[in-house]
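Comments concern the structure below.
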Amino acid sequence: MSDIPSRDQFRPQLPALEIPEIENLPRSRLKSMAAAGEEVLDCLRVLETVDLNIVGEVLRGNGTFYEHEHYPPEDVFDRHSQSQYYYHAHRDASGENGHFHAFLRAPGMPAGTRPVAYSGAEPWPTGPEALSHLIAISMDTYGRPIGLFAVNRWVTAEAWYAGEDVIRMLDRFVIDHASPSWPVNRWISAMVRLFRPQIEALVRHRDAVVHAWANTHPGIDVFEDRDLDVTGHIAIHVAQQIDAVRTALAR
């Protein structure tokens, strides 16, 4: 037996993911989340009326569903807000059919936003293409959202921005057009608002995980380390989130 330790023995004690209590959120945030919840429910309603769901709608008309392929093939991009998303599948995650990745491109970011300093060898996208990943939304086989997760840089080939900068980008994510699906575009825009506290927590946790990983893996480019892909994941339930927001507002 080899005496050489495996990399798993050096896996750091990763920071805990702390989600704020909904009842403790500012009333302005709760009102925004409540409005987003109504939008999410309305999008689901109009699809269910014709026996469709979010995943079926985004895949509709795109032929056979292949792992790793983007749906729709050219992604969905709002040139005014610079928001972007696509759906795909590639993870062996329990109960997951696939997931959405949501992004914001550089021209849509707050003025002065820049990627973090990087001295590695991997080229990052630059200029207008220097997009930031905001969050991923896991979907089950029935087309329902079941989780949120954040990822390392190499997973989405993004430029890497500090967590607090990413959080400031969240207000700017909106897909405000009808192609290829108005209900899906409205739904994903509203989901980012409805689950804003959880997304903020995952983004901050992402930075803490990457920092801890880098400290325990000296000499390795943390942003390109294939042993670190998902930095944090939480389960979600739309109805429960909406109920919690309504309860908090009623107090």
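The values are calculated or read from the model by the stated rules, or taken from the named source; none is laboratory data. Please read all numbers here as calculations on a predicted model, not as lab measurements. Glycine gets a Cβ as well: all are built from the backbone with ideal geometry, and neighbour counts include every protein chain shown. Calculation scope for accessible area: heavy atoms of the full protein, side chains included, ligands and nucleic acids excluded. Shrake-Rupley method; radii C 1.70, N 1.55, O 1.52, S 1.80 Å.
Give me the number: length gained by fully extending Val230 to Glu69, i.e. 0.36 nm times residue separation minus the C-alpha to C-alpha distance, one decimal in nm.
56.1 nm
With each label point set 7 Å from Cα along the Cα-Cβ vector, what nm distance links Thr156 and Ser119?
2.7 nm
Would you mind counting up the charge near His237? Only other residues with Cβ under 12 Å from its Cβ, with Lys and Arg at +1 and Asp and Glu at -1.
-1
What does the accessible area of Ile19 come to, in Å² to the nearest 10, when a probe of 1.4 Å is used?
Probe radius 1.4 Å; accessible area of Ile19 about 70 Å².
Local charge sum around Glu164 (other residues, Cβ-Cβ under 9 Å, Lys/Arg +1, Asp/Glu -1)?
The answer is 0.
So with the 1.4 Å probe, I'd like the accessible area per residue for the stretch 1-151, rounded to whole Å².
58 Å²
Considering only protein heavy atoms and a probe of 1.4 Å, how much of the accessible area of the chain is carbon and sulfur, as a whole percent?
On the chain, the fraction of accessible area on carbon and sulfur atoms equals 51 percent.
Output ³J(HN,Hα) for the stretch 171-187: one whole-Hz value per residue in order, computed from phi by the Karplus curve 6.51 cos²θ - 1.76 cosθ + 1.60 with θ = phi - 60°, and x for Gly and Pro.
Using θ = phi - 60°, the values come out as 5, 9, 7, 7, 9, 10, 8, 9, 9, x, 8, 4, x, 5, 4, 5, 4 Hz.
Can you figure out the FRET efficiency of Arg172 with Thr141, using R₀ = 25 Å and their beta-carbon distance, to the nearest 0.05?
0.20
Residues in the stretch 141-175 near a label at Glu48, defined as backbone nitrogen under 20 Å from the 7 Å Cα→Cβ point?
Under cut-off, by backbone N: 141-147.
How would you classify the stretch 1-157 from its alpha-carbon gyration tensor, with a ≥ b ≥ c the square roots of the eigenvalues: rounded for a/c under 1.5, else prolate if a/b is greater than b/c, otherwise oblate?
Verdict is rounded for the stretch 1-157.
To the nearest 500 deg cm²/dmol, what mean residue ellipticity at 222 nm is calculated for the chain from DSSP H runs of n ≥ 4 alone, each contributing -39,500 (n - 2.57), summed and divided by the residues?
My calculation for the chain gives -10500 deg cm²/dmol from helical runs alone.
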